[in-house]
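To start, the structure under review is shown below, and the notes come after it.
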Amino acid sequence: MAFRGGAKRSLGSFLCNRVLNTSYSSSSTCTASAAANGRGFSSWVSSRRSSFAQATEIPTSISLKFANTQCGYALFLRRFSVGTSSSSSSDQMSLIKQLRERTSAPIKDVKAALIDSNWDIEAAQKELRRRGKVLASKKSSRMAAEGLLALAQNESKAAVIELNCETDFVARNDIFQHLALALAKQALLVESSSQLVSGVFHVPSEDLEDLKLNLEHPKVSGETTVQNAITEVAAVMGENVKLRRGIVMSTTSHGVVSTYLHTSPQPGLGRIAGILSLSVEDKNSQLDAIQRVGSQLAMHVVAAKPLFLTKELVSSDALESEREILKSQAESTGKSQMAIDKIVEGRLRKYYEEVVLMEQKFIMDDTLTVKKLLENLSTEVGSPVKIESFFRMEMGEGIQRLEASSASENLAQAI
């Protein structure tokens, strides 16, 4: 600060000297002119200024010489420091970019981790993972109603899992989608003691949490447990990520499992899944036609939303509830009891057509029922073909109901 002040005073003296010298020369001219005109007061002013200029001439020249030397050195230092600073800033921006590409973490968090780690990118990456896991545990109680279904299958089995997050923005992220597909492949390998030769069995998320999972995404890779992988992706995404459920469907040795995914951003992912298994009695029958019809029926399951396979499988509770509703509606017409009974039976047939797969009209040809379609297929392959089981899963179904139920319970507790 003292040096800068000295430089400023030297420059001020220099400017003052220039002004006074200019004034002195002009005043001398004016003095001569004034003397000729009999005006003597100007010579007194010019002499005072001349004395002041003479008195400051030597110190000014010394300080100016010193200032020129020091200012040149200061400019050199400034140029050197600016060059070094820009180089350092460029390196730091490069590290921020690299760590951002590695982790997909917010830039603010990336920079803070690098600063705390003294710009060591490996240490900063570990720090980001540590911070993310802490934040992920804090966010685990938040509602996760978005997400995707992921499907994996082989010749005799198919698995579907539901992976939830908080926003559809995260559901579109390739890291989230990679995790969902990896979890579906892992669910396909799960064997259950309750698994039948053919049929559907549910895979609780708890059964998958401790299994090993190998991720091969550039930003999230390596072998870890399912639970740790979910936590790590939640940390990267900054949202609650949750494995909600999974199902596996298998078929007999001579059958097919057909699948269909609706609203699919890429193969193996979607928001609605239809799975259906078909079997044929003759093991020598060709499966091409069965696979073709099976794919169409899987699409039908997604579109028509059947609840039961056959009329015989309709639960007595569901049937009795529907009968009571239909009877109440028919009684409001004021008709006789005989007419009311006929109305109820007619509407029950309509109910079966809506909720029973075998009674539904085929979506690709409404002149056929699913039952008739299978009869035609059996004739084509030369052996009876039947549907063993089916399953329809929609992302997020039931979550809003659970959320509303939870809100009601909290309100009741508050009251």
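The values are calculated or read from the model by the stated rules, or taken from the named source; none is laboratory data. Since this is a predicted model, take the numbers as computed values, not measurements. Here the Cβ is made from the backbone with ideal geometry for all residues, glycine too, and neighbour counts use every protein chain on show. When the accessible area is computed, the model is the full protein with side chains, heavy atoms only, and any ligands, DNA or RNA have been set aside. Shrake-Rupley method; radii C 1.70, N 1.55, O 1.52, S 1.80 Å.
The table below gives the values:
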| item | result |
| --- | --- |
| Pairs of Cα atoms farther than 17 Å apart, region 199-305, % | 67 percent |
| 1.4 Å probe accessible area per residue over region 172-313, in Å² | 47 Å² |
| At most 13 other Cβ within 10 Å, DSSP loop - trypsin sites (Lys or Arg not before Pro), region 331-381 | LYS335 |
| Under the Karplus curve 6.51 cos²θ - 1.76 cosθ + 1.60, θ = phi - 60°, whole-Hz ³J(HN,Hα) for region 350-364, x wherever Gly or Pro sits | 5, 5, 4, 5, 8, 10, 9, 4, 5, 9, 6, 6, 5, 5, 8 |
| ³J(HN,Hα), Karplus 6.51/-1.76/1.60, whole Hz, each residue of region 211-226, x for Gly, Pro | 6, 6, 9, 10, 8, 10, 7, x, 9, 9, 9, x, 8, 7, 7, 4 |
| Relative packing of 298-311, 319-332, 235-248, which averages over residues the other C-beta atoms within 10 Å, highest first | 235-248, 298-311, 319-332 |
| In Hz, Karplus ³J(HN,Hα) per residue of region 179-188 (6.51, -1.76, 1.60; θ = phi - 60°; x = Gly, Pro) | 5, 4, 5, 5, 5, 5, 5, 5, 5, 5 |
| Chain lengthening between ASN214 and LYS350 when straightened (0.36 nm per residue, less Cα-Cα) | 44.0 nm |
| Amide H partners (placed H, <5 Å) of GLY270, local residues excluded | LEU149 |
| Greater than 28 Å apart at Cα, pairs in LYS157/LYS311; LYS126/LYS242; LYS185/LYS372; LYS327/LYS361; LYS185/LYS311; LYS342/LYS371 | LYS185/LYS372; LYS185/LYS311 |
